[in-house]
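The values are calculated or read from the model by the stated rules, or taken from the named source; none is laboratory data. Computed from a predicted model, the values in this text were never measured in an experiment. As a convention, Cβ positions derive from the backbone with ideal geometry for all residues, glycine included, and neighbour counts pool all protein chains shown.
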Amino acid sequence: MAEPLLQVRGLRKRFGGLVATDGIDLDVAAGETLAVIGPNGAGKTTLLAQLAGDLRPDAGTIRFAGADVTALPAAARSHRGLARSFQITSIFRDFSTLDNVALAVQAHAGHSFRFWRPAHAERALREPARAILEQVGLGARGEVPAGTLAHGEQRQLEIAMALATRPTLLLLDEPVAGMGLEESVRMVELLRGLRGRHTIVLVEHDMDAVFALADRISVVVYGRVIASGRPEAIRANPEVRRAYLGEEVSA
Amino acid sequence: MTPRRRAVSLLAALGALAAIPLVAALVNEPFYLDLFRRIMIFAIAAVSLDIILGYGGMVSLGHAAYLGIGAYAVAIPALHGIHSAWVQWPLAIVLSGLAGLVIGAISLRTSGVYFIMITLAFAQMLYYVGISIEPWGGDDGMRLTRKSQLGGPLDLADPHVFYYVVLALLAVLLLVGDRVIDARFGTVIRAVKSNERRLAAIGLSPFRYKLAAFALAGAVCGLAGALLTNQTEYLTPSYMHWTRSGDIMVMVILGGMGTLGGPVLGAAAFLLLENVLSAWTVHWQAILGPLLVLVVLYARGGLWSLLPGGARRG
């Protein structure tokens with residue numbers, strides 16, 4: 001079998017006495033959507049931060065596209081094709097929506113040591129950025145300061161910025177968190193459109209979204225993967241139901 | 001502010017400065033020429049600080065270090081009989097840029113209060129080096145016996161020529177700055193201030209760009225230092241004292257961080273206040289202090305934001 005696109009082995013991260021990830025192994029095949037679920041504080045965001053390069057693991061390795069990226073900083077991983085969206089919206093609030101995405105395009109269109117030509121006059125940056133805003137449903141909101149977008153729109157912008165880096169692997173941290181029903185339905189539609197085109201690791205609490213999108217699910221509890229498998233198998237797994245899913249399934 | 005309105009306000013400011021010598025002659029106060037030349041020199045320093053402070057969000061409290069390096073880059077060659085501005089000024093720019101590169105490479109690994117303290121520490125270190133080197137005047141500093149020689153008709157000994165040379169340099173700085181902040185580089189620098197983690201996540205390593213901005217700001221401030229020794233015809237290590245860094249920072253905050261015109265206005269307000277108030281009392285900063293508090297509390301965009309059409313960008 002070919003090496004998976006993302007291969008995580010023995011990933012461990014400790015904050016003082018708290019073990020946030022306790023020897024996590026994950027394999028994500030190219031084109032697949034893996035949902036990582038688990039109760040609050042299970043270490044899902046810490047896992048994602050290590051995959052993205054925001055946090056250095058204490059032990060373990062991360063291989064991506066056949067290379068060991070464990071020691072690479074976030075910016076370098078982005079250039080290998082890894083993109084992340086943040087759980088707590090992280091955008092350039094005082095830039096316009098379009099400027100946010102154009103900057104993400106710029107980051108992957110040669111160096112930025114250019115001092116003369118206005119960036120907003122570079123069609124090679126603006127046009128792809130506009131197309132991506134259309135794709136995520138923010139086409140009409142390009143000129144608005146990003147900080148004034150509604151919460152749901154800011155979440156869409158998160159996705160747009162990730163897409164603008166033309167990633168092979170998307171790391172999405174609770175993309176529907178805090179959204180109303182209608183907004184989250186739209187977001188799930190958007191993400192469904194990305195499946196297959198991108199490999200996705202999705203951390204999510206919203207079970208409707210997870211079961212709508214995931215090819216496979218890994219359940220993380222106390223920093224360990226307690227179960228991995230197809231959604232039906234996870235739904236039926238008694239250990240998972242006890243540890244986590246139980247209440248939500250019956251609710 | 002739209003790029004066009006920003007350009008118009010900058011041109012208006014430059015036009016007003018260009019008219020000063022005429023006004024000085026009309027009211028027969030040649031001293032104004034001297035005062036406004038000083039204002040423009042500090043405006044260059046303040047604009048350079050604003051590149052990293054206002055646009056990039058890097059709170060450096062050691063910016064006077066480059067002022068000092070620029071001043072020494074004029075005075076030391078002059079001591080050895082080298083008076084050409086074409087040697088002294090590029091030297092000032094290159095040396096202070098290199099100093100910025102070294103200081104930045106170390107201090108940009110920290111952030112917040114640590115960054116403020118480490119930039120302060122570097123400047124104070126250079127200050128103490130300055131006062132300890134006796135051949136270069138030590139604590140007392142040294143006189144500049146001859147102003148930098150530009151050659152041709154550009155004789156800085158003529159106060160009008162010197163005035164317009166400084167004005168031309170300020171104009172070039174503002175017009176280039178106006179391009180740079182909207183170019184790719186400036187966009188990244190503004191993004192650094194806005195959200196560094198996000199910048200890394202989309203694939204731009206903040207450190208390289210911060211360091212480049214830091215070194216560029218140092219280089220520009222070095223030129224201000226070279227002009228300042230010519231202005232005072234004197235070099236003293238006190239150009240590098242941390243209170244001087246504080247003065248430049250006050251100019252930026254007073255005038256308006258994250259604008260190009262703001263630091264120019266701030267330098268003018270600061271030095272005019274100093275000039276007027278210090279005639280009344282040596283404790284003139286007791287008046288400046290509350291004024292700064294008022295600006296910070298009620299006009300966070302600085303004096304520049306109070307001008308018509310001078311609202312902050314974005």
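Looking at region B:76-89, is at least one residue within 17 Å of the chain's Cα centre (by Cα), under 27 Å from B:Val172 (Cβ atoms) and assigned to a loop (DSSP other than H, G, I, E, B)?
Quick first cut of region B:76-89, residues within 17 Å of the chain's Cα centre (by Cα) only: B:89.
Pick out the ones that are also under 27 Å from B:Val172 (Cβ atoms) and you get B:89.
Right, trim to assigned to a loop (DSSP other than H, G, I, E, B) and you get none.
Among the residues of region B:76-89, not one is within 17 Å of the chain's Cα centre (by Cα), under 27 Å from B:Val172 (Cβ atoms) and assigned to a loop (DSSP other than H, G, I, E, B), which makes the answer no.
Scan region B:254-262 and tell me whether some residue there is part of a loop (DSSP other than H, G, I, E, B) and free of Cβ contacts under 8 Å to residues at least 24 places away in the same chain. If you could, list the steps in order and put the result at the bottom.
Looking only at region B:254-262, we keep the residues that are part of a loop (DSSP other than H, G, I, E, B), and these are B:256-260.
Subset that is free of Cβ contacts under 8 Å to residues at least 24 places away in the same chain: none.
No; the residues of region B:254-262 include none that is part of a loop (DSSP other than H, G, I, E, B) and free of Cβ contacts under 8 Å to residues at least 24 places away in the same chain.
Per-residue answers, yes or no, for (1) surrounded by fewer than 20 Cβ atoms within 10 Å (Cβ to Cβ); (2) over 20 Å from B:Pro237 (Cα atoms); (3) polar (S, T, N, Q):
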| residue | (1), (2), (3) |
| --- | --- |
| B:Ala121 | yes, no, no |
| B:Asp139 | yes, no, no |
| B:Arg143 | yes, no, no |
| B:Gly151 | yes, yes, no |
| B:Asp155 | yes, yes, no |
| B:Val180 | no, yes, no |
| B:Ala183 | no, yes, no |
| B:Val192 | no, yes, no |
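Checking the structure you have, find out if any residue of region A:118-129 is more than 8 Å from chain B (Cβ to nearest Cβ), surrounded by 16 or more Cβ atoms within 10 Å (Cβ to Cβ) and of a type in the set (Gly, Ala, Ser). Break it down stepwise before answering.
Of region A:118-129, the ones more than 8 Å from chain B (Cβ to nearest Cβ) are A:121, A:123-129.
From the residues that got through so far, the ones that are surrounded by 16 or more Cβ atoms within 10 Å (Cβ to Cβ) too are A:125-126, A:128-129.
Now narrow it down to the ones that are of a type in the set (Gly, Ala, Ser): A:129.
Checking region A:118-129: at least one residue is more than 8 Å from chain B (Cβ to nearest Cβ), surrounded by 16 or more Cβ atoms within 10 Å (Cβ to Cβ) and of a type in the set (Gly, Ala, Ser).
Could you say which residue among B:Val74, B:Val47, B:Val94 is within 25 Å of B:Met142 (Cβ to Cβ), of a type in the set (A, V, I, L, M), touching a residue at least 24 places away in the same chain (Cβ under 8 Å) and crowded, with 24+ Cβ neighbours inside 10 Å?
Numbers: B:Val47 fails: within 25 Å of B:Met142 (Cβ to Cβ); B:Val94 fails: crowded, with 24+ Cβ neighbours inside 10 Å.
Criteria check complete, one pass: B:Val74.
Would you be able to tell me the number of residues in region A:197-245 that are without any contact (Cβ under 8 Å) to a residue 12 or more places away in the chain and in contact with a Leu (Cβ under 6 Å, 6 or more places away or on another chain)?
Result for region A:197-245: 0.
Take residues that are within 25 Å of A:Ala30 (Cβ to Cβ) and tell me which of the helices (runs of 4 or more DSSP H) falling wholly in region A:140-251 contain 3 or more.
Values: elements: A:151-164, A:181-194, A:207-213, A:231-236, A:246-250.
Result: A:151-164, A:181-194, A:207-213, A:231-236.
Take the conditions within 13 Å of the chain's Cα centre (by Cα), more than 13 Å from chain B (Cβ to nearest Cβ) and among the hydroxyl-bearing types (Ser, Thr, Tyr) and apply them to A:Thr165. Does it pass? Lay out the reasoning, then the answer.
Numbers: within 13 Å of the chain's Cα centre (by Cα): yes; more than 13 Å from chain B (Cβ to nearest Cβ): no; among the hydroxyl-bearing types (Ser, Thr, Tyr): yes.
In short, no.
Restricting the search to region A:7-64, which residues are of a type in the set (D, E, K, R), under 23 Å from A:Arg80 (Cβ atoms) and surrounded by fewer than 18 Cβ atoms within 10 Å (Cβ to Cβ)?
A:Arg9, A:Arg12, A:Asp25, A:Arg56, A:Asp58, A:Arg63 - these are the residues of region A:7-64 that are of a type in the set (D, E, K, R), under 23 Å from A:Arg80 (Cβ atoms) and surrounded by fewer than 18 Cβ atoms within 10 Å (Cβ to Cβ).
Can you tell me which residues in region B:149-161 are of a type outside the set (A, V, I, L, M, F, W, C), part of a loop (DSSP other than H, G, I, E, B) and within 22 Å of B:Tyr32 (Cα to Cα)? Full working, then the answer.
Going through region B:149-161, the residues of a type outside the set (A, V, I, L, M, F, W, C) turn out to be B:149, B:151-153, B:155, B:158-160.
Next cut, part of a loop (DSSP other than H, G, I, E, B) only: B:151-153, B:155, B:158.
Within region B:149-161, B:Asp155, B:Asp158 meet the criteria.
Take the conditions within 30 Å of A:Val144 (Cα to Cα), among the hydroxyl-bearing types (Ser, Thr, Tyr), surrounded by fewer than 21 Cβ atoms within 10 Å (Cβ to Cβ) and touching a residue at least 12 places away in the same chain (Cβ under 8 Å) and apply them to A:Thr89. Does it pass? Before the answer, list the steps.
Values: within 30 Å of A:Val144 (Cα to Cα): yes; among the hydroxyl-bearing types (Ser, Thr, Tyr): yes; surrounded by fewer than 21 Cβ atoms within 10 Å (Cβ to Cβ): yes; touching a residue at least 12 places away in the same chain (Cβ under 8 Å): yes.
Here the answer is yes, as A:Thr89 does meet what is asked.
For region A:14-117, which fully contained strands (runs of 3 or more DSSP E) count at least 1 residues that are touching a strand residue (DSSP E or B) at 6+ places or on another chain (Cβ under 8 Å) and at the interface with another protein chain (Cβ under 9 Å from one of its Cβ atoms)?
It comes to A:82-85.
Tell me yes or no: at least one residue of region B:303-314 is modelled with pLDDT under 95, under 18 Å from the mean Cα position of the chain (by Cα) and crowded, with 17+ Cβ neighbours inside 10 Å. Walk me through it before giving the result.
So the first thing to find is which residues in region B:303-314 are modelled with pLDDT under 95, and the list is B:303-314.
Still in the list and also under 18 Å from the mean Cα position of the chain (by Cα): B:303-304.
Retained after the next criterion (residues that are crowded, with 17+ Cβ neighbours inside 10 Å): B:303-304.
Yes, the conditions are met somewhere in region B:303-314.
Scan B:Leu204, B:Leu199, B:Leu173, B:Leu216 and give me the residue that is within 14 Å of another protein chain (Cβ to nearest Cβ), assigned to a helix (DSSP H, G or I), more than 21 Å from the chain's Cα centre (by Cα) and buried (at least 18 other Cβ atoms within 10 Å of the Cβ). Spell out the reasoning first.
Details: B:Leu204 fails: assigned to a helix (DSSP H, G or I); B:Leu173 fails: more than 21 Å from the chain's Cα centre (by Cα); B:Leu216 fails: more than 21 Å from the chain's Cα centre (by Cα).
Answer to the check: B:Leu199.
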